[in-house]
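These notes are about the structure you will find just below.
Read the figures in this text as sums done on the coordinates, not as results from a lab. Please read all numbers here as calculations on a predicted model, not as lab measurements. Here the Cβ positions follow ideal geometry from the backbone for every residue, glycine too, while neighbour counts run over all protein chains shown.
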Amino acid sequence: MTIYLPIAELSVNIFVILGMGAAVGFLSGMFGIGGGFLITPLLIFYNIPPAVAVATGANQVVASSFSGSLWHFKRGSLDIKLGVVLLIGGIAGAGLGIWIFTLLRRLGQLDLIVSLMYVLFLSVVGGLMLWESIISLRRAARKETVALRKPGQHIWVHRLPMKMRFKKSKLYLSVIPVIALGFAIGVLTSVMGVGGGFIMVPAMIYLLRIPTNVVIGTSLFQIIFVTAFTTIMQATTNYSVDIVLAFLLMVAGVIGAQYGVRVGQKLRGEQLRALLALLVLAVGMRLGLDLLLPPDEVYSVILEEAAF
């Protein structure tokens, strides 16, 4: 069964799109990520134009993140105050990212830059996460207990000024690195169509030393609003959001996220990080392979209607 996508200007199998949305939603709820780093490459692999894949993929992230964060809110594992501070930086970063996205599109370099950024970020982040996860799993096998933060132990991040107390996370932390992290994720959300959870989650755990039990819910909470802002800006600035594609992905993503959250609660933290690392590396390798292999068609012609 096929359906026509008006903005992408091609027909697609509706069940393939629903399957993509459900799978990414499941992984979003399971790992506490927006899922944009998965849905955007998947759409590109399915011949959706990269500009449409980036903008519409961000829209799907809103739905799956909302579904997952609602579940965490009910369980009390969401730090709203911390999420709001992250959101302040995220909105500012998203505004800058939209400007960069528009500039790259006008220069005709958007497709290449987006692909290169995906390969770079996914390879680095996935490799670091996998290395750390392997070490953690070995320690768990030897029944060694290593705390992420020992009593009285602080790193340079904890010595910065403008501190704020986050009761839910049991932290007294400067808002500077929190806003900076949100800003960086906002830029990535706009340019790459990602929620940024694959970077935010490890950064919150290892850099800010936020307890793992509140990281996933807080990450999803911030992702909701930044990606929603990005989607609105992409729709009004670049006209690259395909509403039909977005609706199908949202419906499937919401359903998948609910099941993903339940599965994620049954796995240990190091197991989740190892699985996420393998997933990140697999997507990065697949995109890198596409850049290295010669295309099926060396030349392509794009016809545009003349403006009068």
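At-a-glance table
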read-out: Length released on extending from Val16 to Ile243, taking residue separation times 0.36 nm less the Cα-Cα span; value: 80.0 nm
read-out: Per-peptide average of other Cβ atoms within 10 Å, ordering 39-46, 20-27 highest first; value: 20-27, 39-46
read-out: Among 208-220, 79-91, 164-176, the order from most to least packed when residues are scored by Cβ within 10 Å on average; value: 208-220, 79-91, 164-176
read-out: Amide H partners (placed H, <5 Å) of Leu10, local residues excluded; value: Leu5
read-out: Sorted largest first, extent of segment 11-142 alpha carbons per principal axis (Å); value: 52, 33, 33
read-out: Sites Thr236 and Ala92 - FRET efficiency at Förster radius 25 Å, r taken between beta-carbons, to 0.05; value: 0.90
